[in-house]
Amino acid sequence: MKPLILLSALPLLASCGRHEAATHEAAALPAATVRVQVARLQPHTAAEEVVGTVRSKLRAMVEAKISGRLLEYTAIPGTKVKKGDLLARLENQEIQAKVDQAKAMLEQAQSDFSRQKQLIESKATTRQDFDAAEARVKVATASVTEAETMAGYARVTAPFDGVITRKLADVGDLAMPGKPLLEIEAPTALRFEADLPEAMLDRVNMGAKMQVRIATLPSLDAVVSEIAPVADPVSRTFLVKLDLPDADGLRTGQFGRVAVPVAETKLLVVPAASVLRRGQMELLFVVKEGHALLRLVKTGKVLSDGIEILSGLEEGEQVVIKDAAKLTDGQPVTIQP
């Protein structure tokens with residue numbers, strides 16, 4: 001039995017010998033100059049993400065103010081329009097007839113007023129008849145203005161500069177008040193809308209800055225501009241709107257997430273450049289007693305100022321933050337001041 005014990009111990013002794021040889025080999029390397037940073041716990045605001053959608057701050061459903069068949073429809077989705085551009089034109093024979101009628105009545109009233117004016121000068125009529133003729137001119141003038149205004153409603157124009165996003169009618173359709181013809185949005189002023197649960201509402205304040213993440217875009221600093229005063233009776237959530245900054249590639253309808261702060265905590269954070277990845281392993285070097293020692297660590301959240309270390313590192317240890325990939329485990333190092 002004793003020989004078997006000795007034989008089974010041989011691989012362990014050989015392994016220890018190789019490790020000691022590697023340690024001696026690393027110790028024999030010239031001292032490397034490194035920069036280090038002391039690992040410290042840093043305050044961090046824990047956040048929970050809520051999904052939402054990018055929408056335009058200025059959007060409108062455009063509809064006709066009068067009833068009539070669509071004779072012309074130029075609103076094509078995706079088309080950019082200026083304020084006052086023609087979007088649709090309605091038939092207006094009846095309204096035009098009223099315009100002609102109002103103008104005829106105005107001409108008659110003006111003729112009667114001219115005759116009354118001549119008569120009043122020769123004192124051949126009463127002041128009462130003269131005033132009545134003058135009043136009829138004013139009424140007829142107002143009728144012409146009203147009829148021409150109604151005729152102008154046959155032209156449906158863009159209420160502001162924007163982009164046509166939806167087409168809701170076509171030539172031949174009957175347009176009427178309350179029936180939308182199209183949807184238009186201003187793409188320059190965008191905001192992010194999200195439905196927040198009641199438990200998170202007390203963590204959001206007007207004017208507060210929050211991080212919004214949208215695919216293919218960097219994180220955006222959005223500002224809370226509106227908070228719904230009442231909850232949705234079905235979902236029991238509150239609609240919150242955040243103004244977004246100008247960013248290339250930002251469009252209405254995009255899906256995103258807003259980070260809502262929920263708690264204050266502390267994280268052990270190191271610079272992202274100090275963490276090495278070799279296969280599935282995450283490593284870093286710490287300096288101890290003048291030597292660089294390799295540590296196996298587990299990382300967590302990626303933050304703006306570094307990366308969270310969940311295990312493998314203690315607060316107060318010196319972490320190599322530059323050229324760590326050039327070091328060997330156990331190699332002598334000199335800390336750069």
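The values are calculated or read from the model by the stated rules, or taken from the named source; none is laboratory data. Note that the coordinates shown come from a computational prediction; the quantities given were computed from them, not determined experimentally. Note that each Cβ is placed from the backbone with ideal geometry, even for glycine, and that neighbours are counted across all protein chains shown. Remember, those area values only see protein heavy atoms, side chains included, never the ligands or the DNA or RNA. Shrake-Rupley method; radii C 1.70, N 1.55, O 1.52, S 1.80 Å.
Farthest toward the dipole's positive end in the chain, which of VAL36, VAL262, LEU119, given Cβ charges of +1 (Lys, Arg) and -1 (Asp, Glu) about the Cα centre?
VAL36
³J(HN,Hα) across the range 204-221 via Karplus (A = 6.51, B = -1.76, C = 1.60, θ = phi - 60°), whole Hz, x for Gly/Pro?
Going residue by residue, I get 10, 10, 4, x, 6, 8, 9, 8, 10, 10, 10, 3, 6, 10, x, 4, 10, 8 Hz, with x marking Gly and Pro.
With 10 Å bins from zero, work out the P(r) of the range 21-168 over every alpha carbon pair and list the percent per bin.
Using 10 Å bins, I get a P(r) of 9, 18, 14, 12, 11, 9, 6, 6, 5, 4, 3, 2, 1, 0 for the range 21-168.
Scan around VAL36 for amide H atoms under 5 Å from its own, H built in the peptide plane at 1.01 Å from N, and keep only partners 5 or more places away or cross-chain.
Amide H neighbours of VAL36, under 5 Å, 5+ apart: ILE321, GLN336.
Multiply the residue separation of GLN128 and LEU296 by 0.36 nm, subtract the distance between their alpha-carbon atoms, and state the gained length in nm to one decimal.
49.8 nm
What trypsin sites (Lys or Arg not before Pro) in the range 181-270 are in a loop by DSSP, with at most 16 other Cβ atoms within 10 Å of the Cβ?
Passing both the DSSP loop test and the Cβ count: ARG236, ARG251.
Determine the dipole magnitude for the range 91-177: charges of +1 sit on the beta-carbon of Lys and Arg, -1 on that of Asp and Glu, nothing else is charged, the reference point is the Cα centre, and the result goes in debye to the nearest 20.
Computed charge dipole of the range 91-177: roughly 240 debye.
Counting just the Cα atoms, what span does the range 259-305 cover along each of its three principal axes? Round to the nearest Å and put the largest first.
42, 27, 15
Starting from the exponent 0.38 and prefactor 2.2 Å, build the expected Rg for the chain from its residue count and divide its actual Cα Rg by it.
Ratio of Cα Rg to 2.2 N^0.38 Å: 1.96.
Per DSSP H run of at least 4 residues, take -39500 (n - 2.57); add these up for the chain, divide by its residues and hand me the 222 nm value, nearest 500 deg cm²/dmol.
-8500 deg cm²/dmol, from helical runs alone.
With N denoting the number of residues in the range 149-190, provide Rg(C-alpha) divided by 2.2 N^0.38 Å, to two decimal places.
Here the Cα radius of gyration is 1.33 times the empirical estimate.
Apply the a/c threshold of 1.5 to the C-alpha gyration tensor of the range 239-337 and tell me whether it is rounded, prolate or oblate.
Prolate, since a/c reaches 1.5 and a/b exceeds b/c.
Among ALA60, GLN336, VAL156, which residue has its Cα furthest toward the positive end of the charge dipole of the chain, with +1 on Lys/Arg Cβ and -1 on Asp/Glu Cβ?
GLN336
Can you run phi through the Karplus equation (6.51, -1.76, 1.60; θ = phi - 60°) for the range 277-283 and list ³J(HN,Hα) in whole Hz, with x for Gly and Pro?
Karplus-based 3J(HN,Hα) across the range 277-283 equals 10, 10, x, 8, 8, 10, 10 Hz.
Taking only Cα atoms of the range 49-111, what ratio of Rg to Rh do you get with Rh as the Kirkwood inverse-distance radius?
Expressed as Rg/Rh, it is 1.26.
Once the convex hull of the alpha carbons of the range 151-234 is built, what does its volume come to per residue, in cubic angstrom?
Expressed per residue, the convex hull around the Cα atoms of the range 151-234 is 202 Å³.
Lysines within cross-link reach of LYS83: Cα-Cα under 25 Å, excluding same-chain residues under 8 positions apart?
Excluding near neighbours in sequence, the set is LYS57, LYS65, LYS167, LYS179.
How large a share of the accessible area of the chain, in percent, is made up of carbon and sulfur atoms when the probe is 1.4 Å and the other protein chains stay in place?
54
Angle between the Cα long axis of helix 93-121 and the longest principal axis of the chain, 0 to 90 degrees, nearest 10?
With both axes taken from Cα atoms, the answer is about 50 degrees.
Per residue, how large is the accessible surface of the range 181-304? Use a 1.4 angstrom probe and give square angstrom.
56
Charges only on Cβ, +1 for Lys and Arg, -1 for Asp and Glu: so what's the dipole of the chain about the Cα centre, in debye to the nearest 20?
420
Express in Å², to the nearest 10, the accessible area of ILE76 obtained by rolling a 1.4 Å probe over the protein heavy atoms while all chains stay in place.
Per-residue accessible area (ILE76): approximately 100 Å².
If DNA, RNA and ligands are ignored and the probe is 1.4 Å, what is the ranking of LEU296, LEU250, LEU90 by accessible area, most exposed first?
My answer, sorted largest first, is LEU296, LEU250, LEU90.
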